[in-house]
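The values are calculated or read from the model by the stated rules, or taken from the named source; none is laboratory data. Source: prediction; values computed, not measured. Don't worry about glycine lacking a Cβ; one is built from the backbone with ideal geometry, like all the others, and counts go over all protein chains shown.
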2 protein chains.
Amino acid sequence: MTGFGRMPRKEDARFVRGRGTFVDDVRLPGMLHSAVLRSPYAHARITSIDTTAAEAHPKVRAVLTGADLEERGLAWMPTLSHDRQAVLATDKVRYQGQEVAFVVAEDRYSARDALALIDVDYEPLDPVVDARTALDADVPVIRDDLEGKRDNHIFDWEAGDASATDLLFESADVVVAQDMLYPRVHPAPLETCGVVADHDAVTGKLTVWATSQAPHAHRTLLALVTGIAEHRIRVISPDVGGGFGNKVPIYPAYVCAVVGSMVTGAPVKWVEDRSENLMTTAFARDYHMRGELASTSDGTMLALRVRVLADHGAFNCTAQPSKYPAGFFHVVTGSYDLRAAYCAVTGVFTNKAPGGVAYACSFRIAEASFLIERLVDLLAGELGVDPAELRFRNLLTSEQFPYVCATGWEYDSGDYPKALQLALDTVGYTELRAEQERRRADDEYLGIGISFFTEAVGAGPRKHMDIVGFGMADGAELRLHPTGKAVLRISVQTQGQGHETTFAQIVAHELGIHTDDVEVVHGDTDNTPFGLGTYGSRSTPVSGAATSVAAQRVREKARLIASALLEVDPDDLEWTPGRWSVRGAPDSGASLKEIARAAHGDVDLPDGVDGHLDGSCVYNPPNLTFPYGAYICVVEVDPGTGQVKVRRFVAVDDCGVRINPSIVEGQIHGGLADGIGMALMELMAFDTDGNCLGGSFMDYLVPTAVDVPPWELAELVTPSPHHPLGAKGIGECATVGSPAAVVNAVMDALAPLGVRHADMPLTPAAVWCAIQGRPLRADLAIE
Amino acid sequence: MTGFGRMPRKEDARFVRGRGTFVDDVRLPGMLHSAVLRSPYAHARITSIDTTAAEAHPKVRAVLTGADLEERGLAWMPTLSHDRQAVLATDKVRYQGQEVAFVVAEDRYSARDALALIDVDYEPLDPVVDARTALDADVPVIRDDLEGKRDNHIFDWEAGDASATDLLFESADVVVAQDMLYPRVHPAPLETCGVVADHDAVTGKLTVWATSQAPHAHRTLLALVTGIAEHRIRVISPDVGGGFGNKVPIYPAYVCAVVGSMVTGAPVKWVEDRSENLMTTAFARDYHMRGELASTSDGTMLALRVRVLADHGAFNCTAQPSKYPAGFFHVVTGSYDLRAAYCAVTGVFTNKAPGGVAYACSFRIAEASFLIERLVDLLAGELGVDPAELRFRNLLTSEQFPYVCATGWEYDSGDYPKALQLALDTVGYTELRAEQERRRADDEYLGIGISFFTEAVGAGPRKHMDIVGFGMADGAELRLHPTGKAVLRISVQTQGQGHETTFAQIVAHELGIHTDDVEVVHGDTDNTPFGLGTYGSRSTPVSGAATSVAAQRVREKARLIASALLEVDPDDLEWTPGRWSVRGAPDSGASLKEIARAAHGDVDLPDGVDGHLDGSCVYNPPNLTFPYGAYICVVEVDPGTGQVKVRRFVAVDDCGVRINPSIVEGQIHGGLADGIGMALMELMAFDTDGNCLGGSFMDYLVPTAVDVPPWELAELVTPSPHHPLGAKGIGECATVGSPAAVVNAVMDALAPLGVRHADMPLTPAAVWCAIQGRPLRADLAIE
């Protein structure tokens, strides 16, 4: 393969043979193991910690408490959003599972055993579990560690034109309103989090192997947290088994492992178990939303008004880029031509694990997309218009691009009506509606749910993103060796997306060489240019662009070297894949391989041309890219049990140019499964004492093969006009777009039974209760 | 420290605490160990090899023979000079110690034990030991593996203007001629050679930890030898305990370790013992030279004529860049203004280990410098002129630079007479001569030896170097992290020269930041730009220049980013160390740290400026640099025992700008000791059966602290006009310059006894025999 198209993933050679190297596969001579003692309480004061017995364990090498870290100034770690997070609790514990002590031992069993030997006295406090009561006068103040903090309020934030929005609502014929909960869910990657920290007291160098989506950002964070100079820290993210936002933050145990290595003088491994991952690492969503949509009587949508109560848990986790949900607001009008929008968000602390972070999508686009798509369906119901028809009346048309939406972002390109029509044609919409009609007569509840979504990905220029601290530029460095083989170094880190294949294809495409001749290096900060990592579907939009430009620069440098080699004017050379030839004399030319050899010494280089054959680019995206899609979900609901069966799922995606369609489709498959999971079963629940009820895969349900239908995919290709390859990104699209299709389908099925809305997850119990008119968690509306 | 000057070496923090990581410190999970079975004969046919018993050893995992390698096409490896070298002998063994079989076992002891279980039948052949008889009609043909080879002749090569030289000789008043042997010596680094090879059958990736002076060149060589694609090979050269040319080639056991790893599926370590290092790895010199120097009667030197018989051993080793001694010729006129020179060299194969390679200096400058300096002293004796005075009459003057010598190279800069005068003043030449006179009257033999040398280093542009395959460009990449800390990646590899300090000082000097804030990365091909490695004193001349230019590019990029940050025109900014400020308003400005932060996202970059703060350079030297020096050695000789005592050694070096004078002086100290060793004791001898008589430090003597005097150093600084820092390189200078000073001193001491010349090493036996008029090895002249 020398360019774009379907090819097997290069990395699968090791994965299918079980020869990947994940953090837990890293074994270093003399390596120690560790375990974390966690709080059983959601909210409690720590009155004493006695580690004497644990320290006496013959295989224990170190026991760390908050007091030990405090001596080093490491008991708290700063977060990107100017909050701080406890590394090991010193004063209080603020959520169940919070880190209280850290044991380093010769093996993992001993470390775990020693946890039971640590004696902690807790004085339980009332927990704040329900975000809706977090601001009440009589609730305890969770973050009394913050100076002067007298309540659980984090921020009030508003965006949009409130008066224009209000005017449009006043003039509207119809307004639909709905309270919705996008519940707390967990990314639940296959591989849990983990770290191996190896501090060398002599050189001062810290090497950290971590399950990381963002090795460079983690290096900077570790430098800020530990005080070790950034250039002495090396973060290696080896093979990573899924991320989905879960591996964007650094976690307290990472810092403990570093300190453990400093204290013991040996490498220290820490690998999370499943419960720890589910109970304490980055959650997402937890948005209590009230949406209002104004429309004319003929279904022309006018304006949107949204209020959100955002539950951030006990801390803003380290890598949450901003406490303000700017992304949420900017895409809240979805794929429609609305005239105004207004959004007000209040953030609160609760006694839950730190949440409020990425899980496809980091910019809260998943919540926004769900909200607008539910409101559109509610409006269709109110107007008695077919939901597909209502969307056709309001979707942006291709003539409108580039389109500056009411919230200020500039959508790049697309053909939305064509996508929706393709989805309807693929599913056989008319026949399905007829079937639905027929079966309703037999008391069979078929539901057809449509969702249309626009993702904003790639993390564009700084002015578009209220990101604290970093711009969104990523580097790519391409080097051809003397034998003509290429090594590409990229800043983004794969967690299974197939970067080693996709990025090799980009180089192959630009240079006309074989993908086998391109090695893709990533995941090692000592080895790769700086960049922000993989999240927000940004790898292809940003690093893919950097790679493309770097390869073009190599091609151009090759032209200059070829001109010296062939002794002709550079302007007389023409490019055919893999070769510069003299125009009009195709036999006179030099292959890239020959040029690479010459660049290492066989030719006197033109003035101003450095030796070797290489090129690099730090790509600063001029804008976000906007992939979009039209999804249709078909469900059958059993009103007696509340059981939902997903019968079909049609997904039409337009992510621009597809470099490797198989990989793109794999990403879509995963995202659709994600969406079905969130819509139907995933929920990180808490009881009134703040106990986490999602601490295992017995309790926190994720979809399996039996829960999902065969996928029916179709595609459009509208290249992004400002991306060098025309690619837009795909990673999060289906996760963003699919939940609304499923929920809309279930509500469509239940419409004859008078059900207007029910909150996710639509478990059998939730559906059954909704049919009974007693919706579960129906009390979540914001007053 | 923020620039040039004396500072402790950064790397010594780990070395003085024994925390360096050398190849033998590399321990990998599941790693196997290995040993090489070597030939006891210098020349023999192999009739059979039986490995059955070795394979049955319970801890042996693999036994490789030449036949096994032949199946893989790996029995021979190509060399840079278009020869080939046996990896494991298939047909014959051609020197004592040649590799015959390779055992991989679970531990080193078992691997060694199993060697004794391998049964090899040899049919001994007559060895060719004396290069002077290698071309005789009746000697065996050593390299009968080469098609059509009917003798032991490798090449005849001549350079210079023979007729102009002959004319000058005919018109000369005086001609001195001398046969000299520069004997076979060994670099004898503190750390022997070694390798850990780890081949991953799944990914196809080969990682090799090697004691390497040239990791990138070794990667290319390993790719050419093994057929593994270059971009799948990673060569890591960790801390290296001395090189001196010994670690430029790759050795047969390296290839065996790679194959061993492929066969066993485990990493394989091979570490040489001292005897293996001394007997089989890269030797140097072994030049039988006849020099003739023509002069007017007033001591104006006119022309030089040289014939050389070069003993290359049984193979040209892998990394010998060229079989032709171009460097030898180009500096053969030394530091003097000669009108013509002619040189003819014949290379021959002998039954000795592969030689003919680098040992300070790779370009045969050591041999050339020794030759001319001996001839100058002989001429002084012939004319009855003081050797210092004769040199003053012929040394280049500072007005003559840039000076194109008779052999065509352009010397860059210097003040030679001043250097010699400084040396004479430092040693107190006049008083010493008076003392010598006095003591001769008491039959005490004080000798004063002068040498003047010009080194050609840095490995200049391709047109100056007949180097097969590679140009001499080296890369440097400098990156400032968001926190302003810098990482410099360089292509050259330290073997103890203090690169981590010197190169940090170059960056600090250019950027005005602290050396603590600069991490220097090298020795890992996955991690550093391509370059040819450290030899020929080229690190500072080439990579130092690349670093300087890369840092200047960072500074310039910082200016453009600062202009955006400060919203002023770039032309209105002025540089003070570490900071760009608005001209005339020094308080308005930005530190490099602030600019680095901004470059990662806080500022909208100017058009055409990529994000991040980095810069790189591949430096293609426009010329060689020419450090030089004047050395004076004072010895006392006991004519009764032949014992030579070095009483004083004055060294005046001009290597241009000194980045870290302490490191420069350390290099000089080492080189002076080297020179005393070669002059007085080092000799790799062979008996008539081809048995190597230098297989341990009991037999191959190297100088220790008791053999060397306190050094008396003085310096001149004439910056190289074409090097961005004015530096010229120092690594090999003293090794090149000092042997002639020692030998000249001994000959000066013995002059009253009628001794005109004796060959190195001037052991007590050699000196005593010379005094008796029966010089040892006096029969080495070329007919």
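Considering the conditions (1) touching a Phe, Trp or Tyr at 6+ places or on another chain (Cβ under 9 Å); (2) closer than 29 Å to A:Leu693 by Cβ, A:Phe22 is excluded by exactly one of them, (1). The residue that is surrounded by the most Cβ atoms within 10 Å (Cβ to Cβ), counting only those in the stretch B:447-502 that are touching a Leu at 6+ places or on another chain (Cβ under 7 Å), modelled with pLDDT under 80 and over 16 Å from B:Ala546 (Cα atoms), is B:Phe470.
Does A:Val618 count as at pLDDT below 95, on the phi < 0 side of the Ramachandran plot and surrounded by fewer than 18 Cβ atoms within 10 Å (Cβ to Cβ)? When the stated conditions are applied, A:Val618 does not pass them.
Filtering the stretch A:203-220 to residues that are within 13 Å of chain B (Cβ to nearest Cβ) and not in a loop (DSSP other than H, G, I, E, B) leaves A:Leu206, A:Thr207, A:Pro215, A:His216, A:Ala217, A:His218, A:Arg219, A:Thr220.
Modelled with pLDDT of 95 or more, part of a loop (DSSP other than H, G, I, E, B) and hydrophobic (A, V, I, L, M, F, W, C): is that true of B:Ile668 in this structure? No; evaluated as a whole, the condition is false for this residue.
Residues in the stretch B:597-611 that are modelled with pLDDT of 90 or more and more than 10 Å from chain A (Cβ to nearest Cβ): there are none.
Within the stretch B:429-461, work out how many residues are in a loop (DSSP other than H, G, I, E, B), away from chain A (no Cβ under 14 Å) and in contact with a strand residue (DSSP E or B) (Cβ under 9 Å, 6 or more places away or on another chain). Walk me through it before giving the result.
Of all residues in the stretch B:429-461, those in a loop (DSSP other than H, G, I, E, B) come to B:442-444, B:455-456, B:458-461.
Within this subset, residues satisfying the condition of being away from chain A (no Cβ under 14 Å) are B:442-444, B:455-456, B:458.
Going one step further and asking which of them are in contact with a strand residue (DSSP E or B) (Cβ under 9 Å, 6 or more places away or on another chain), we end up with B:444, B:455-456, B:458.
Going through the stretch B:429-461 one residue at a time, the tally reaches 4.
The set of residues in the stretch B:567-591 being closer than 30 Å to A:Gly533 by Cβ and out of contact with any Leu (no Cβ under 6 Å at 6 or more places or on another chain) consists of B:Ser591 alone.
Among the residues of the stretch B:126-147, are any of a type in the set (Ser, Thr, Tyr), in contact (Cβ under 8 Å) with a residue 12 or more places away in the chain and either part of a strand (DSSP E or B) or surrounded by fewer than 16 Cβ atoms within 10 Å (Cβ to Cβ) (or both)? Step through it out loud before you land on a result.
At the first step, the residues of the stretch B:126-147 found to be of a type in the set (Ser, Thr, Tyr) are B:133.
If we keep only those that are in contact (Cβ under 8 Å) with a residue 12 or more places away in the chain too, we end up with none.
Among the residues of the stretch B:126-147, not one is of a type in the set (Ser, Thr, Tyr), in contact (Cβ under 8 Å) with a residue 12 or more places away in the chain and either part of a strand (DSSP E or B) or surrounded by fewer than 16 Cβ atoms within 10 Å (Cβ to Cβ) (or both), which makes the answer no.
The rows are residues; the columns are (1) out of contact with any Gly (no Cβ under 7 Å at 6 or more places or on another chain); (2) assigned to a loop (DSSP other than H, G, I, E, B).
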| position | (1), (2) |
| --- | --- |
| A:Tyr700 | no, yes |
| A:Pro703 | no, yes |
| A:Ala714 | yes, no |
| A:Val717 | no, yes |
| A:His722 | yes, yes |
| A:Leu725 | no, yes |
| A:Gly729 | no, yes |
| A:Val767 | no, no |
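Annotation: A:Ile228 fulfils all but one of (1) more than 13 Å from chain B (Cβ to nearest Cβ); (2) more than 18 Å from A:Leu88 (Cα to Cα); (3) hydrophobic (A, V, I, L, M, F, W, C); the unmet one is (1).
Scanning the stretch B:251-265 finds no residues that are buried (at least 23 other Cβ atoms within 10 Å of the Cβ) and within 14 Å of chain A (Cβ to nearest Cβ).
Can you find a residue that is outside any helix (DSSP H, G or I) and within 22 Å of the chain's Cα centre (by Cα) anywhere in the stretch A:748-763? Yes - at least one qualifying residue is present in the stretch A:748-763. Selection of the stretch B:699-721 for residues being under 30 Å from B:Cys617 (Cβ atoms) and in contact with a helix residue (DSSP H, G or I) (Cβ under 9 Å, 6 or more places away or on another chain) yields B:Glu715, B:Leu716, B:Thr718, B:Ser720. Residues in the stretch A:77-102 that are farther than 23 Å from A:His218 by Cα and part of a strand (DSSP E or B) were compared, and the one that is farthest from the chain's Cα centre (by Cα) is A:Lys92. For the criterion of being within 14 Å of chain B (Cβ to nearest Cβ), under 29 Å from A:Thr494 (Cα atoms) and not in a loop (DSSP other than H, G, I, E, B), A:Val650 fails. Taking only pairs six or more apart or across chains, which ones have beta-carbon atoms under 8 Å, a first residue in the stretch B:616-635 that is closer than 30 Å to B:Ala745 by Cα and outside any strand (DSSP E or B), and a second residue that is aliphatic (A, V, I, L, M) and at pLDDT below 95? Note: pairs meeting the criteria are B:Phe626/B:Ala456; B:Phe626/B:Val457; B:Pro627/B:Val457; B:Pro627/B:Ile730.
Every condition in (1) buried (at least 19 other Cβ atoms within 10 Å of the Cβ); (2) closer than 29 Å to A:Pro238 by Cβ is met by A:Gly18 except one, and the failing one is (1). When the stretch A:209-228 is filtered for residues that are farther than 20 Å from A:Thr494 by Cα and in contact (Cβ under 8 Å) with a residue 12 or more places away in the chain, the ones remaining, listed by number, are A:Leu222, A:Leu224, A:Val225, A:Thr226, A:Gly227, A:Ile228.
Okay, residues lined up against (1) part of a strand (DSSP E or B); (2) touching a helix residue (DSSP H, G or I) at 6+ places or on another chain (Cβ under 6 Å); (3) of a type outside the set (S, T, N, Q); (4) within 21 Å of B:Val255 (Cα to Cα):
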| site | (1), (2), (3), (4) |
| --- | --- |
| B:Thr21 | no, no, no, no |
| B:Pro40 | no, no, yes, no |
| B:Arg45 | yes, no, yes, no |
| B:Pro58 | no, no, yes, no |
| B:Val63 | yes, yes, yes, yes |
| B:Ala67 | no, no, yes, yes |
| B:Glu70 | no, no, yes, yes |
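Under the condition of being within 24 Å of A:Leu420 (Cα to Cα) and among the hydrophobic types (A, V, I, L, M, F, W, C), the residues counted in the stretch A:681-726 number 6. A:Leu592 fulfils the conditions (1) touching a strand residue (DSSP E or B) at 6+ places or on another chain (Cβ under 9 Å); (2) within 14 Å of chain B (Cβ to nearest Cβ); (3) more than 25 Å from B:Ala229 (Cα to Cα) except for a single criterion, (3). Each residue in the stretch A:170-202 was checked for being under 30 Å from A:Tyr251 (Cβ atoms) and part of a loop (DSSP other than H, G, I, E, B), and 13 pass. Summed over the stretch B:387-419, the residues that are surrounded by fewer than 21 Cβ atoms within 10 Å (Cβ to Cβ) and of a type in the set (Val, Ile, Thr) give a count of 2.
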